[in-house]
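The next block holds one structure in the form of structure tokens; read it before the comments.
The values are calculated or read from the model by the stated rules, or taken from the named source; none is laboratory data. As the structure is a prediction and not an experimental result, all values here were calculated from the model. In this analysis, Cβ positions are derived from the backbone assuming ideal geometry, glycine residues included, and neighbour counts consider all displayed protein chains.
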Amino acid sequence: MIKDRDTNFREHSIFLSEIAQNILNGRDDILSIPGVREIIALYLLVPYTTHDQLDAGMPSKMPQLNLSEEFIAGVNLRNLRDTICHSFVTVEESSEDKLGRIIIDDRSQMNRKTHNEQEVKTKGIFVDILKAREKLSELHGKVISSIK
């Protein structure tokens, strides 16, 4: 059975809230769930700033990331940033080794207007956790090298 979008969104929101509450309460075992560390890393590494702010920089050097650069599977950093900032991300344990994958809403592949024009809104990006770790490490390197 396929869950409707409202049910999926509620479950994703609850899951993200539970991650936050567990961390706040010192129950760090939540971090052992495959994909949770990567979701947190996405929030921390992909800046919630505009192109203009990134291009202009600041007296204290800001990371100079190209937000139109692809992160993975046709998802650029700008759309990824917007998607994760609106909590349209979750994890599942569907792989044979139970490592799972990160599920990112289809909004990560298109702008809001294009998304709203879709009749069927069921696309999504499924990111292998090991591949996500690799890409996040690359992104970390770019952040560090851009401010040195």
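Would you confirm whether or not the stretch 98-106 contains a residue that is at pLDDT below 80 and part of a helix (DSSP H, G or I)? Yes: one or more hits.
Could you figure out which of (1) surrounded by 12 or more Cβ atoms within 10 Å (Cβ to Cβ); (2) modelled with pLDDT under 80; (3) not in a strand (DSSP E or B) isn't true of A41? Against the list (1) surrounded by 12 or more Cβ atoms within 10 Å (Cβ to Cβ); (2) modelled with pLDDT under 80; (3) not in a strand (DSSP E or B), A41 comes up short only on (2). The requirement of being part of a helix (DSSP H, G or I) and at pLDDT 65 or above is not satisfied by L65.
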